[in-house]
Amino acid sequence: MEEHLVQLLANTQLSQEGPRKQAELDLTNARTSPDFPLTLARIGSHASLPVEIRQAALTNLRQFIEENWSPEGGDGPHIPIPDPVKDQLRHVVLELVLSQGEEQRKVKLAASYVVSKIAIVDFPDQWQQLLPAVLGVMPAGTDTQLHGALRILQDLVEESLSDEQFFSVARDIIKACYDVALSEHRKETHRSLAVLIFRNCFNLMDIVKDDHKREVKTFAEEVLSGWLPFLEQVIRAPLPHRESGETQPENWYGPIALKIQVVKTLIKIKAVFPSLLLPQSPTFFSATWEELSRLQRPYQELFINADAQGRLEDIDGLPFTLDFLVLDEIDFLNQCMRATPVQKQLQADIAAHATAHGTPWVLDLMKLLTSYSQITQEEEGLWGIDVSLYLAEETSVSPNYTARTASGDLLIKVTEWLNQQALEGLFAHTKSLFVAGAEDWRRQEAALYLFNAILSDYQDMDKQVPPEIAHAYLELVNYAIGRQDESNLAARGFLLAGVLSQSYQPATALVDRTIESMTNDDTELVQVACIKALDGFITAGIPADRQVPIVLAVERFLESKDLTDLEDADDLLVTLLETLRAAITMDVRIAIHPDSKAIDLLFLIAKHGAANFQVTMIVNEAFEQVVRTLTDSASYTALCAKVLPSITGAFDVATMTHDDPLVTMATELLALLVEHGAEPLPAGFVAATFPKLIRLLMSSTEGEVLRPGAEAMKFMLMHDHHQVFGWQDENGRSGLEVCLLIIDRLLGPLIEDNAASEVGGLAAELVEKAGQERLGPFLPQLLQAVATRLDTAQAAPFIQSLIIVFARLSLVGAQDVVNFLSDIQVNGQSGLQVVLSKWLENSINFAGYDEIRQNVIALSKLYSLNDPRVAQTQVRGDLIIVQSDRILTRSRSKQNPDQYTIIPASLKILKVLIEDLLSASGIHAAANLASAAANEFNDAEDDDGDEGWEDAPDDTLDLSLASTKNDLMGWMESANSKQRDDETQAYLTEFFLRAARENIAGFQDWFAMLNDDEKAKLQELAAQ
C-alpha cells in the first residue's frame, strides 16, 4: 500500500487537472483501509523520499486525525482508529519530530502539527509521556531535536493545555524555555521560539488569574525575576556590524527575530501584569529608546533610501526583518511612556528647561518619530500604482500597520499627555526641516503627517490648536502644495489644509486651489488628496457658492477615468462618495436642479461600487438625507422624475434570480424613496415601479433583494394604497391580487426565514388598507398562510414579522382574531395553540419601539377578552433550572434540551407584560449598568493593578485574551437589551393598576400564580 499511496500523493501535485483530481479521489477512497494512517506516517518518516511527498503524507495524516481520532472529530462519516494503531501513530510521529536524524524543518513542522492534533484529544490522559519526552530533549538535544520539541511545546501551550493543566506543568515549561532562551550556544531562532512560548503562557495565566489572583501573581513575580533581566539584555544588545547596502544582512535575521519576540513578550506582560512591569518601566523605556535611535540609520538606508524586502517571516511564523522590529519597539515605547515613573522623569526634564521645545528629549523624540514616519520606497511605489492604497492608509482602514502609523499613534498619546508642549516641540523640529535650502521632502512630509495625526485627534476630542501654531502650519501648507514636483509632499499639504480648515478658518481660503488641483494636477495622488481634502473644507463651512464647482470637479474627475477600473478601487470610490455626499448636503435642492448631475454622479459611483458594503452604506445615507429633506409634494415629484429611470433601469442589468449587488442597491434605494415619500405618491409612481418590482419579488430568492423589495411594496401601500389597488398588470390582475401573490410566495417553503422577514409587515399593511370588504375570501386564506408559516419559522426577525400581522389585527379586533384562530387547523393543531405558543415564546425578543408597543397593547387586549379558549391554551412558562456541576458541552446540551413549565396562555401574557414593563421603565438597562459597575469595582479591588500606568486602554484588541472576550460578549448583550420607553411604560402601568382594581379576567387568581419576583414588581408598582 505504501508505494500506491506514494504515487497517489505525487499525482495530487500534478499540474494536469484530470490526473490530479483522480488522485485526490483515490486518496479519499483509500482512507477506509485500516493501514491508511500508519502508512502515511511511515511515508512521512522515509528520509529517502522527496520532501514534498513526505509533507503531503503528513498533511493528509493530520486531516485524517482531525476528522477521525475522536468520535466527535469531523462532520463526515467517522472512520474508527483502533487503539493499537493510535499507540503506534503517537510513537512514530513523536519520534519523527524529536529525532536527531531528521534535518528537514518542513517535515518536522508538518509532523508537529500531527502531534498537536493528537494532543488536543489525548493529552494528558491518554498521552502522559508526551510532555516529559518533549522537555527531556530540550536541555541537551541537537538543534533539530530542539526545534521539534519547541514546535510541539508551542502547540501544547496554544491549543492543548487547559488552564488547570497548565498550572500543574507551568513551572517545568517556563524553566525549559528559560534555559533555551538564555543559552547563547543555541540558534537565535530557537531562542526566539522559546520566548514566544513563554509569552503564550501569559494568555493562560490571564485566564487562571481570574480565579486565583494572588497565587498567579506570586508565580508570575517569581518567574519574571529571572526573565526581565534577560529581556532587557536582549533589547540593549546591538545588532552585528553591517556593511552599507540595500539589503538586510543574513546575520541580522536571528538577532532581530529574538528582539521582536522579546518586545512582544514585554507588551504582553504589561497587558496581563502591569504592576509587575511598572518598576522596570524606566529601564525598558531607555533601552528601547536607545535601540530605536541606533536603528534609525539602517532603517533609513534599507527602507527609505532603498526598497529592501520587509515584513518577512520564517517557516515557524517568526518575523525577522528590521521593519517589524522597529514597529514593535515604537509600540512598546508608546506603552512605556504611559507609565507614571517614566512620565515623572520626563516631566522633571521639561521642568528643568525654560520651554518644552528646548528640552532635549522632546526634540529628540520628534526627530525620532519624524525619521520613522517617512514614506518608504515600497509605499511610494505602491501608491503610485494604486491610489486606493494611499487613501486606505490615510483613513486608517488599512491592515498594513507600519512604523509610520505607529509613530503617529505614539505622538498622539504624547500630545494627550503634554498638550501644547508636545505641539510646540513638534513645530520646533518641523520648522528646522523647512529652512531655506532644505530639500528633504520625505522628512518634510513626515513632519506634516505627524501634525495631521495630532490635529485629527484634537478634533475628535473637541480641542483647539493655538492660533499661532495653526497659522505657522498654514504657511508650511502653502509651501507644500506649491511643490508640484514632489507629489507626495503636495498631497500631504492639501490633506492637511482640509483638516486644518475645520479648526482654523483662514485655511478655508485654500478651497479654490484645491478644487482646481483636483482636476488640473498632473498626478492622480494629488488629485485624490484634493478630493479627500474637500470633504474637510465642506465640514468647515465654506460658502454655499462652492457647491456647484465641487460637484463639477467630481464630474470632470470621473470623466477622465475608465470607470471599469474603479470597480476594484474601493477606497477611492468611498472617498469620492464622501465628498460628493458632503457637497450635496450643502443644499440638497441641487439633487432636483435640472442642470445638476449631483444625484446622477451618486448613482454612477454606486453602479461601479455596488459590491462594496461601505459604498452602498454611504449612497443609501446620502440618498435618504435627500429624500427626507425634499418632503413637499412638488420637490418629491421632481426627485422621483429624476431618479426613477436610474433605479428601475438597474433592475434590467442582471438576471433577477441572482444576488446582483446593483439590483440589491437599486431595491434598497427604491425602498428609501418610498418610505419617506409624499402622500399620495406622484401620479404614475406605481405604474413606473410596480412591474419590475413584482418581477423581482416573484423570481428572486435572495434575502438582500426580497427584504427591501417587500418593504418598498409595504411603503407604497402605506402612502398610497389607492394607486396600488387601482393599478393593473398586462394580464388584467389588480394591484391587490398581485400583492396577495407576492405574499403567498414569500410565505412559501422555498423562501428562507431571513429572506422573508419583511413579509409580515407587508401582509399587515395589506390587511389594514384593503380591509375585509376588498379582501373577502382572501383574508382567511392569507391569515391561514401566515399561521402555517409561523409554525415552522425559526429566525427571530421573521417570527416577529409574522406575529405583527395578528398583533395589528388584535388592536382593533382581538375577539375576531381569537375566533378565527380557534376555527383553523395548522399541521394538525389548533391555530390558536400554534400562534399563541410562538407569540408568547418570542415576544420578549421583539425589537423596535413601534413593534414592541403594538405587541404590548395587542397582548393586553387578548388578556382582557377573558376568553376561556385563551386561558385553556397551554404554553411554555418558566425555564426549569437543573442543578449540575458538570460542564454543559454541546453534545450534552442536545441530549438534555431545556425544559419549561407548562402554564395557561393568560398567565404567560401577564408574565410577558411584566417583563416588558421592566424593559420600558429602563430598569433592565439600569441593572446592567449597575452590574457592570459592580464588576468593575470588584475587579479594581482584586486587580493586579493598572495603577502607575496612564488610564488609556491599549488600542489593539487581543482576541486571545479572556478579558477581551468577556468585554465583547458584554457589549453584545447590552446591544440586544431593550431601552426605556415612557409611552409603553405608562400604558402598562395603567393596565396593571386597572386589572388589579377591577379584577379584569380574574387577575387576582392569575396574580397568585406569578413567581415571587413578579409579584414583588407589581406590588412595588401599586405602592408608587
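A compact table of results
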| read-out | value |
| --- | --- |
| Cβ-based net charge around residue 549, under 14 Å, with every Lys or Arg adding one and every Asp or Glu removing one | -2 |
| Residue-averaged 222 nm ellipticity for the chain, from DSSP H runs of 4+ at -39500 (n - 2.57), nearest 500 | -22500 deg cm²/dmol |
| Accessible-area value, residue 290, 1.4 Å probe, nucleic acids and ligands omitted, Å² | 90 |
| Selection from 203, 47, 825, by position along the positive dipole direction of the chain (Cβ) | 825 |
| Candidate lysines - alpha carbon under 19 Å from residue 911, same-chain residues fewer than 8 apart omitted | 838, 861, 978, 1015, 1017 |
| Solvent-accessible area per residue for segment 320-410 (1.4 angstrom probe, square angstrom) | 34 |
| Computed accessible area, residue 998, all protein chains, 1.4 angstrom probe, square angstrom | 100 |
| Per-selection Kirkwood Rh - segment 514-613 (Cα, Å, 1 d.p.) | 13.6 |
| Per residue value of the accessible surface for segment 1-93 (all protein chains in place, 1.4 Å probe), Å² | 54 |
| List 361, 839, ordered by accessible area with a 1.4 Å probe, largest first | 361, 839 |
| Net charge dipole size for the chain [Lys, Arg +1 and Asp, Glu -1 on Cβ; Debye, nearest 20] | 1220 |
| Rg to Rh quotient for segment 730-822, alpha carbon positions, Kirkwood Rh | 0.96 |
| Cα convex hull volume per residue for segment 554-706 (Å³) | 104 |
| 1.4 Å probe accessible area per residue over segment 542-612, in Å² | 43 |
| Spherically averaged projected area of segment 217-354 from its Cα convex hull (nm²) | 10.0 |
| Intensity falloff of segment 124-275 expressed as log10 I(q)/I(0), Debye formula with alpha-carbon point scatterers, at q = 0.13, 0.21 Å⁻¹ | -0.61, -1.39 |
| Accessible surface of the chain, 1.4 Å probe, proportion on carbon and sulfur as whole % | 50 |
| Accessible-area ranking of 185, 4, largest first, probe 1.4 Å | 185, 4 |
| Tail beyond 43 Å, pair distance distribution of the chain (Cα, percent) | 56 |
| Solvent-accessible surface (1.4 angstrom probe) belonging to residue 331, in square angstrom, nearest 10 | 40 |
| Of 86/209; 108/213; 106/259; 642/769, pairs whose Cα-Cα distance is over 26 Å | 86/209; 108/213; 642/769 |
| Reciprocal of mean inverse Cα separation for segment 82-126 (Kirkwood radius, Å) | 10.9 |
| Heavy-atom SASA rank of 850, 522 (probe 1.4 Å, accessible area, largest first) | 522, 850 |
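The values are calculated or read from the model by the stated rules, or taken from the named source; none is laboratory data. Computed from a predicted structure; not experimentally measured. Note that each Cβ is placed from the backbone with ideal geometry, even for glycine, and that neighbours are counted across all protein chains shown. Keep in mind that these areas ignore ligands, DNA and RNA; they rest on the heavy atoms of the full protein, side chains included. Shrake-Rupley method; radii C 1.70, N 1.55, O 1.52, S 1.80 Å.
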